[in-house]
Amino acid sequence: RGLMITQQSDESISLKLSGRKKTLMKLTRKNVILKLDVSSITDEGEYTLSCTPTYPTAETVSVSDWDDLRVTVTVEKLVTKEIPVRGEFIGTEGEHCLAGTITTNPSTLELKGSAEALEGISYALASVGGKEIEDTLVETVNVVFMGPDDTPADRNNVTASAESVEVTVPVRRGVALP
């Protein structure tokens, strides 16, 4: 459908449960799962939906207050955008060494998210180095999404085709002539 949830009203929900004490003692935050059925959503907008709890035990547990299980979500269109990856060498070249043109693999990334979130991302930055190099440097590093103002961008509600890239900094050795 090309939609995504970009916001929800609550990060956590408090449940009021009833059942046998022995059964309730087995329940924890990690083994009680709340499922939100979004299959009926077909367009952008704000929706209030009910969660359905699932428990790790087959014994009877019931929810005392169903109003606590209502969550409001904001749904937006899922947009795709391709951005370039820029390689950056931070370091120094060894004596008689010259760093060549930096390349990245892949050279572009595909991002998915809301139009508003993707608008603030211009490119991905992959930085390597931090040392003196005398030979070609090849490293796999995580990328940082950058905004139009060359500062790190907010990446909430954004997924990328890759989180890391391979950066190559070729180094040529020169000879000093008298």
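By definition, a body whose alpha carbon gyration tensor gives a ≥ b ≥ c is prolate when a/c is 1.5 or more and a/b is larger than b/c, and region 38-178 fits this prolate description. Each listed q (0.11, 0.14, 0.18, 0.26 Å⁻¹) maps to a log10 I(q)/I(0) for region 63-127 from the Debye sum over equal C-alpha point scatterers, namely -0.51, -0.64, -0.80, -1.10. With θ taken as phi - 60° and the Karplus curve 6.51 cos²θ - 1.76 cosθ + 1.60 applied, the whole-hertz 3J(HN,Hα) list for region 20-36 is 5, 4, 4, 5, 5, 5, 7, 8, 9, 4, 7, 10, 9, 10, 9, 9, 10 Hz, x standing for glycine and proline. Counting only DSSP beta bridges whose two residues both lie in the chain, roughly 85 percent are antiparallel.
When region 10-166 is described by a simple charge dipole with +1 on each Lys and Arg Cβ and -1 on each Asp and Glu Cβ, the residue from 42, 90, 165 located farthest towards its positive end is 42. Counting lysine pairs in the chain that sit 8 or more residues apart in sequence, or on different chains, and whose Cα atoms lie under 26 Å apart gives 12.
Annotation for residue 98 and residue 82: the two label points, set 7 Å from Cα along the Cα-Cβ direction, are 3.3 nm apart.
Counting only protein heavy atoms and a 1.4 Å probe, region 116-168 has 54 square angstrom of accessible area per residue.
Subtracting the Cα-Cα distance of residue 131 and residue 41 from 0.36 nm times their residue separation leaves 27.2 nm of extension gain. Overall, the chain carries a charge dipole of about 1120 debye about its Cα centre when +1 sits on the Cβ of Lys and Arg and -1 on the Cβ of Asp and Glu, all other atoms neutral.
For the pair residue 90 and residue 15 in one chain, pulling the backbone fully straight at 0.36 nm per residue adds 21.9 nm over the alpha carbon distance. Potential lengthening of the chain between residue 5 and residue 32 amounts to 7.5 nm, from the contour at 0.36 nm per residue minus the alpha-carbon distance.
The values are calculated or read from the model by the stated rules, or taken from the named source; none is laboratory data. Predicted model only: the values in this text are computed from it and were never measured. Quick reminder, even Gly has a Cβ in these numbers, built from the backbone with ideal geometry, and neighbours come from all protein chains shown. Just so you know, the surface numbers come from the protein's heavy atoms only, side chains and all, with ligands and any DNA or RNA stripped out. Shrake-Rupley method; radii C 1.70, N 1.55, O 1.52, S 1.80 Å.
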